[in-house]
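The values are calculated or read from the model by the stated rules, or taken from the named source; none is laboratory data. Note that the coordinates shown come from a computational prediction; the quantities given were computed from them, not determined experimentally. Cβ sites come from the backbone with ideal geometry, for glycine too, and all protein chains shown count toward neighbours. SASA here: full protein model, heavy atoms, side chains in, ligands and nucleic acids out. Shrake-Rupley method; radii C 1.70, N 1.55, O 1.52, S 1.80 Å.
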Amino acid sequence: MQKNKNQTIYIKNNHIMNLGKPILEELFNKQIRFRVPVFQRHYVWNVQDQLNPLWDDFINKYNERISNKKIHPHYTGSIVLFHENTTTNTLSTYSVIDGQQRLTTFQIFIASFREVCRKFVGDENLIKELDKFLFNERSFGDTNYESQKFKLEPTKFNKDIFNTIISNPYEKVEELLINPVLSEYGVGWRTYRQVAKSRNKILAAYLFFYEQLVDFVSNSGEDLTNVITQSLFVIKRDFQFVEIGLTQSDDPQMIFETMNGRGASLTETDLIRNYIFMRANSNQEDLDKIYEKYWDEFDDPKSEFKWHDKTSRGRYFESFLQFFVIDYLTIKLQTEIRYDQVFYYYKLFTINDSKFSTVEEELQELNKYSQIFKRLVKPNDNSAFDKLATRLVDMGISTVYPLILYIEGDIEISLEDKEQIYSYLDSYITRRFLCGYTTKNYNNVFLEYLKHFSKNKSAQEFKLLLQSKAADTNLWPTDNILSEKLLERPIYRDERNKSRSISNIILEVEHFIRGNKQEVVKFVNSGLTIEHILPQTWFEYWQLDGETITEEDFKISVHAVMTEEDKNGKFHRIENRNRILHTIGNLTILTNSLNPSVSNSSFEIKKQEIGTQSTVLLNTYLQNKSTWNEEEIIVRSKYLYEQIKQIWAN
């Protein structure tokens, strides 16, 4: 950039860097373009964390001016600029490597101040003076002025709304961006402005500064001309930046990673995106082309799959995008990836393990696996892959994702083998869940299986590997183990927080017994409820061996059984029933939950009510039963076992 009195030359490691300390007037009041690269993140500053503190800074500097104190410019933060060598622009153009949030905010601040001046003063000379901070003037020989008109060019996702705000009076902005919200269903006079603000952070920033300035000017109690004049001086001269001008020999990424100032902290995927595209820029690859083709979907808030929506894995709560990159890196590095060091591992991968000749090739593969990841977390088909994916979503098991991504993305594994592998994994995970085996070591278990597939692509070899495991952490339960656990294990009580997993399994049994001959009925697990046939609170209508159990005995049995020596005593029998009623033989699924009074009623009443929900074929099993007790529950557990061992064969 052009040198000014605050600019120095800084030499480090024989590289020359221009370090400037321009005030806002020196930064914007000249013919220049600041271009935010396509891969930079959207505008994210919010009122609480960034805009309010900036407003406080403005008020503090204003008070210093009117009290005639010695003025020291307020340090506002750093901006890192890289001069673009281009023959298509007549203006000096700089890529904003860091500081785009700050530059965008000050442009919005100036535009809002311009509109306040228009409202209270209406002086065209003042409006033109402020426009010089926002627009470049047309120069002789300009053939593409419209593309160079704005001093700041944001990313594509912010560009239209930014240009609308900068280019129009406040009333027109209201007409174009705010008032249309009022016509939407469910939005009223009291809420429409807030709704408009919530949808776009640039508009929210503009309205925040405009409203603050209107209130400030209206209630200052001072001469209007003086208030506007002093405010203009504050904006032009009391905010100072540290400007780092990079040369061709500097590493923009290294500087970008270390500079955030007061800004919103960068996510791991923000750092990865910038790292990828800065390398592409250094390689002179077509940034716009590869961004649009391979990365645009990740950033676009209007994309069908919401990559930046948050989801949980264990104690971590991050975006789908971050979890995807973790899974991808697990494939590439075949090691466990720390959630707070994803960017570090990505750099490690590209430096030491990457075989790509271009960044575009790198993005091609990332994009390929991202399409598989979307199918994993949002399955919508009936293939072996989708059945397994649905089960994993319902069970909340994601540690197996890298393994599945690898298998689905490996062209050396045949389609037939892939189908078999998914069936084996489905059986492995479902049987372990039904038998109550731990998931705590799954990250290491599935990492071992991932390493296996890097050397052996056969489904049969994978089956033998699973069958060879004997520890509780990796055992594939046999039919004998499965039968024993289904008859004895109170799965509903043991897995109380995983009722969706249980209903998923019962639903799969429902589909299995229907086969191909029954009418096709598509059930969605999210609309089903689990019902205990013998209710959990059974003492009022369900006798125990012909004896009516009092509410008091029912409640104290869990403690009384500890001192009851007779194993066939009343409290032992109560607790045995309380255990067995949670086994799979006493559980069914309903399309609509029963009224609580019906749910706890006698078997005859309950059977009739369940029978009205005839779309669930499993429930016809009960219609020929005259009684329901522990023996009947065991019989039904055996029946369900026969179905389950066929669906999830070992």
- Principal axis lengths of the stretch 97-162 from Cα atoms, whole Å, largest first? 35, 32, 19
- Gained length - ASN85 relative to ASP49, 0.36 nm times residue gap less alpha-carbon distance: 9.4 nm
- Message: For the chain, take the convex hull of the Cα atoms, compute a quarter of its surface area, and give me that in nm², please.
- Response: 40.7 nm²
- Potential extension, THR335-GLU129 segment - 0.36 nm per residue separation minus Cα distance: 68.3 nm
- Message: Using each residue's phi in the stretch 120-136, evaluate 6.51 cos²θ - 1.76 cosθ + 1.60 at θ = phi - 60° and report the 3J(HN,Hα) Karplus result to the nearest Hz, with x for Gly and Pro.
- Response: 9, 10, x, 7, 5, 5, 5, 4, 5, 4, 6, 4, 5, 7, 10, 10, 7
- Message: Given axes a ≥ b ≥ c from the Cα gyration tensor, I'd like to know whether the stretch 65-123 is rounded (a/c under 1.5), prolate (a/b larger than b/c) or oblate.
- Response: oblate
- Query: So, counting K/R as plus one and D/E as minus one, what does the shell of residues with Cβ under 14 Å around ILE574 add up to?
  - Reply: -4
- Using the beta-carbon distance between ARG496 and PHE140 and R0 = 56 Å, what value does 1/(1 + (r/R0)^6) give for FRET efficiency, to the nearest 0.05? 0.15
- Note on the structure: Between GLU153 and residues 5 or more places away or on another chain, the pairs with built amide H atoms under 5 Å apart involve PHE34, ARG35, VAL36
- Work out, step by step, the length gained on full extension between SER167 and GLU211: first 0.36 nm times the residue separation, then minus their alpha carbon distance; give nm to one decimal. 14.0 nm
- So how much accessible area does ARG118 have, in Å² to the nearest 10, using a 1.4 Å probe? 80 Å²
- Equivalent ellipsoid semi-axes - Cα gyration tensor, the stretch 40-187, angstrom: 26, 23, 19
- Between the stretch 459-490 and the stretch 491-509, the Cα center-to-center distance that results, in Å: 19 Å
- Note on the structure: Distance in nm between GLN608 and VAL195 label points, each 7 Å along Cα→Cβ, equals 4.9 nm
- Can you give me the Cα centroid spacing of the stretch 581-650 and the stretch 79-158 in angstrom? 70 Å
- Note on the structure: So, over other residues within a Cβ distance under 12 Å of ARG199, counting Lys, Arg +1 and Asp, Glu -1, the net charge is +3
- Query: FRET efficiency for ASP381 and ARG579, Cβ-Cβ distance as r, R0 = 35 Å, nearest 0.05?
  - Reply: 0.35
- Determine the relative contact order of the chain: mean sequence separation of Cα pairs under 8 Å and six or more apart, normalised by residue count, in whole percent. 12 percent
- Query: What's the center-to-center distance, using Cα atoms, between the stretch 279-352 and the stretch 382-416 in Å?
  - Reply: 19 Å
- Query: Non-local amide H neighbours of LEU544 (under 5 Å, H modeled in plane, Pro and chain starts lacking H): which ones?
  - Reply: ILE549
- Note on the structure: Listed by chain and number, the residues whose amide H is under 5 Å from that of VAL242, excluding neighbours fewer than 5 places away on the same chain and using placed H, are THR76, GLY77, SER78, ILE79
- Task: Could you go through the stretch 102-108 in sequence order and give the Karplus-derived ³J(HN,Hα) for each residue, using 6.51 cos²θ - 1.76 cosθ + 1.60 with θ = phi - 60°, rounded to whole Hz, and x for Gly and Pro?
- Result: 5, 4, 4, 5, 5, 4, 5
- Mean separation of Cα contacts under 8 Å (6+ apart) over length of the stretch 50-101, as relative contact order %: 27 percent
- Note on the structure: Relative contact order as a percentage, the stretch 526-590, C-alpha pairs under 8 Å and 6+ apart, gives 49 percent
- For the stretch 32-98, give the magnitude of the charge dipole about the Cα centre (Cβ charges: +1 Lys/Arg, -1 Asp/Glu; no others), in debye to the nearest 20. 220 debye
- Task: Calculate the dipole size of the stretch 563-650 relative to its Cα centre from +1 charges on Lys and Arg beta carbons and -1 charges on Asp and Glu beta carbons; express the result in debye to the nearest 20.
- Result: 180 debye
- What share of the DSSP beta bridges in the chain is antiparallel, in percent to the nearest 5? 65 percent
- Between HIS72 and ASN219, the FRET efficiency computed from the C-beta separation at R0 = 22 Å comes out, to the nearest 0.05, as 0.25
- Note on the structure: Judged on accessible area alone, 1.4 Å probe, highest first, GLU268, GLU461, GLU124 line up as GLU124, GLU461, GLU268
- Task: Go through the stretch 209-217 residue by residue and turn each phi into a ³J(HN,Hα) via Karplus (6.51, -1.76, 1.60, θ = phi - 60°); whole Hz please, and just put x for glycine and proline.
- Result: 5, 4, 5, 5, 5, 4, 5, 5, 5
- Query: What percent of all Cα-Cα pairs in the stretch 549-650 falls in each 5 Å bin, counting up from 0?
  - Reply: 2, 10, 17, 20, 18, 13, 11, 7, 2, 0
